[in-house]
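The values are calculated or read from the model by the stated rules, or taken from the named source; none is laboratory data. What you are looking at is a predicted structure, and each value in this text was computed from that prediction instead of being measured. Quick reminder, even Gly has a Cβ in these numbers, built from the backbone with ideal geometry, and neighbours come from all protein chains shown. Just the protein is used for accessible areas: all its heavy atoms, side chains included, with ligands, DNA and RNA removed. Shrake-Rupley method; radii C 1.70, N 1.55, O 1.52, S 1.80 Å.
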Amino acid sequence: MKKFFTKHQRWFVWFGLLIILLVGAYLRLYKISQYMTFLGDEGRDMLVVKRMIVDHKLTLLGPTASVGGFFLGPIYYYFMLPFLWAWNLDPTGPAVMVALFGIATIYIVFRAGKDMFHPVTGLIAAGFYALSPVVIAYSRSSWNPNLVPFFSLLTVYLLWRIVRYERWGELFWVGVFLGIGLQLHYLFLFLIVLTVVWCLQYGRWRKLVGYYVLGLAGFLVGYGPFLAFELRHGFPNTQSVIRFLSEGKDTGFSVARFFGNIHDVAFRLYGRLLFRFPQPELWSVTALWQKIIWAGTTYGALFGSLGILLREAMKGDKKQHLAPRLLLYWFIVLIFLFGMYKRAIYDYYFGIFFALPFLGAGFLLSSMVARRVWKIAAVGALAGLVYVNWQGRPFVYPPNDQLGQAKAIAGEALAKTGGKPFNFALITGQNSDHAYRYFFEIWGNRPVTIQNEAVDPQRATVTDQLIVICEISPCKPLGHPLWEVAGFGRAQIVGEWDVSFVKIMRLVHWKEGRS
């Protein structure tokens, strides 16, 4: 490797990194407002942060977790805040924030590959990370799990530095990042397990106790905003998480599920991230020859990179063998814990080790490039991966413009109110109404929320009109069981308008004789 890459060629490293970062920035920022996701969950987060900025209603509670019925910490809202403010409450701002974190992660992938292995490893890993369509998709929208890859890789990189250079004081920052990550997604618990395993392996000395206390202090700092909420309210979310883990309905050992999960996660980790492996609905209609190529290359990269990491890790216990050993620990510990999970495992769950397949494949290919007999095969693999992933860039298809559509629909709906107070309902399949409510609120005409009679016996929260947006067809709001409709009372439709892909209806209270 030294012969392949001399000190006189360092300029090539930084020039290559600059190109990779520019391409990564282009793929994450170009037309971001038109391609970003903006549905009910995004609208909910924007409403919370808007109220922090405009109404000064700070919060110690974050969004709800996708499972378990518990809440996350509020740290993501505070990451969003300066960007939503700087973009004058335009939801594009927080999406740009996520993209910038994504670009920063590209650099950390390079830095980890360069320091832990070799500059060529860093360049290859960062290049493929920059081009990966799945990674790009989670770098172009505002959503709390989308920051997980940044903090997970930073945590692992610091774990390596701590042992490699005996910088145990950096455990403080590991603790901070673990605390932040745990507020972004509860799967960061897996990285806490990895941290404990790594420290038990290389830090079993009494003289390090003070540093472990420092790491705990860092965790309390990173987790502090949510810890304040838990202390104030008797740890309700902590208890919910413990019940979720201990009851065994969604977690626990099951032979069939365990080994099935291990295979599924390992295969998808490499196939989806490195090779743009098709989603299940597309896989069923994929030609057989394509399936063979996809499966073969995925298994080749998986076993090839794990094999070379294992070979290097077993050479001895010297400091240069720490990097492959840590990557293997990262893979084995997280794969094992995923094996205990009984619910569906989505691509974004892999954020806690998004960088792993890129670093593994980068090390494999850089080792092949350094060997004359494998050089042509490695160059061919590099070119093939670049081609395959470039075909999956986000601009191949026209934008769905969810943000623009939500804004236009909300504007049309608000125009039907005549500037008067109104109640609002969304009849939909799986979406929520927060995306529309966000625009109503920032435009200064927030819908009145109908309260039940126990809270509002005078029905003062029921206005003279109900605006209904229908995202499904046919849509029949009269007599619909949705509370926002049923609570309005007996009504009749006095206006219908087709806007974009929805139908807007205006309802008023029913009066006999009114047509």
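Quick notes on this one:
- Enumeration of residues in segment 318-327 that are touching a Lys or Arg at 6+ places or on another chain (Cβ under 6 Å) and either surrounded by fewer than 19 Cβ atoms within 10 Å (Cβ to Cβ) or aromatic (Phe, Trp, Tyr) (or both): 319, 321
- Enumeration of residues in segment 449-473 that are in contact with a strand residue (DSSP E or B) (Cβ under 9 Å, 6 or more places away or on another chain) and exposed (fewer than 15 other Cβ atoms within 10 Å of the Cβ): 449, 464, 472, 473
- Only one of 359, 385, 365 that is at pLDDT 95 or above and touching a Leu at 6+ places or on another chain (Cβ under 8 Å): 359
- The set of residues from segment 84-99 being hydrophobic (A, V, I, L, M, F, W, C), assigned to a loop (DSSP other than H, G, I, E, B) and touching a residue at least 40 places away in the same chain (Cβ under 8 Å) comprises just one member, 89.
- Segment 198-212, residues that are part of a helix (DSSP H, G or I) and surrounded by 14 or more Cβ atoms within 10 Å (Cβ to Cβ): 198, 199, 202, 208, 211, 212
- Annotation note: Cβ proximity below 7 Å between a residue of segment 431-452 that is touching a residue at least 12 places away in the same chain (Cβ under 8 Å) and a residue that is assigned to a loop (DSSP other than H, G, I, E, B) and acidic (Asp, Glu) (sequence gap 6+ or interchain) occurs for 431/471.
- Among the residues listed as 227, 231, 178, 220, the single one being closer than 30 Å to residue 320 by Cα and not basic (Lys, Arg): 178
- Residue satisfying all of: in segment 341-350; part of a loop (DSSP other than H, G, I, E, B) and touching a residue at least 40 places away in the same chain (Cβ under 8 Å); least open to solvent (accessible area, probe 1.4 Å) among these: 345
- Subset of segment 474-490 that is under 14 Å from residue 428 (Cα atoms) and open to solvent by 60 Å² or more (accessible area, probe 1.4 Å) - its residue that is nearest to the chain's Cα centre (by Cα): 483
- Across segment 235-287, the number of residues qualifying as closer than 18 Å to residue 344 by Cβ and hydroxyl-bearing (Ser, Thr, Tyr) comes to 3.
- Test: residue 35 is under 19 Å from the mean Cα position of the chain (by Cα) and open to solvent by less than 20 Å² (accessible area, probe 1.4 Å): no
- Identity of the residue in segment 331-340, open to solvent by less than 20 Å² (accessible area, probe 1.4 Å) and either over 12 Å from residue 269 (Cβ atoms) or of a type in the set (A, V, I, L, M) (or both), that ends up farthest from the chain's Cα centre (by Cα): 339
- Filtered by the rule that a residue be open to solvent by 10 Å² or more (accessible area, probe 1.4 Å) and in a helix (DSSP H, G or I), segment 183-197 gives 186, 187, 189, 190, 192, 193, 195, 196, 197.
Each row is one residue, and each column tells you yes or no for (1) surrounded by fewer than 14 Cβ atoms within 10 Å (Cβ to Cβ); (2) of a type outside the set (A, V, I, L, M); (3) touching a Cys at 6+ places or on another chain (Cβ under 6 Å).
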| residue | (1), (2), (3) |
| --- | --- |
| 313 | no, no, no |
| 316 | yes, yes, no |
| 329 | no, yes, no |
| 352 | no, no, no |
| 367 | no, yes, no |
| 394 | no, yes, no |
| 424 | no, yes, no |
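- Matching residues in segment 396-411 - criterion: being surrounded by fewer than 17 Cβ atoms within 10 Å (Cβ to Cβ) and assigned to a helix (DSSP H, G or I): 404, 405, 408, 411
- Test result for residue 383, surrounded by fewer than 18 Cβ atoms within 10 Å (Cβ to Cβ) and assigned to a helix (DSSP H, G or I): yes
- The lone exception for residue 57 - which of (1) open to solvent by 10 Å² or more (accessible area, probe 1.4 Å); (2) in contact with a Lys or Arg (Cβ under 6 Å, 6 or more places away or on another chain); (3) in a helix (DSSP H, G or I) it fails: (3)
- Subset of segment 105-125 [more than 24 Å from the chain's Cα centre (by Cα) and either without any contact (Cβ under 8 Å) to a residue 60 or more places away in the chain or not in a helix (DSSP H, G or I) (or both)]: 115, 117, 118
- Odd one out for residue 210 among (1) touching a helix residue (DSSP H, G or I) at 6+ places or on another chain (Cβ under 7 Å); (2) free of Cβ contacts under 8 Å to residues at least 24 places away in the same chain; (3) farther than 29 Å from residue 303 by Cα: (1)
- Within segment 260-285, considering residues that are free of Cβ contacts under 8 Å to residues at least 60 places away in the same chain and either surrounded by 14 or more Cβ atoms within 10 Å (Cβ to Cβ) or of a type in the set (A, V, I, L, M, F, W, C) (or both), the one farthest from residue 128 (Cα to Cα): 285
- Residue 28 satisfies every condition listed in (1) of a type in the set (Lys, Arg); (2) at pLDDT 95 or above; (3) within 30 Å of residue 375 (Cβ to Cβ) except (3).
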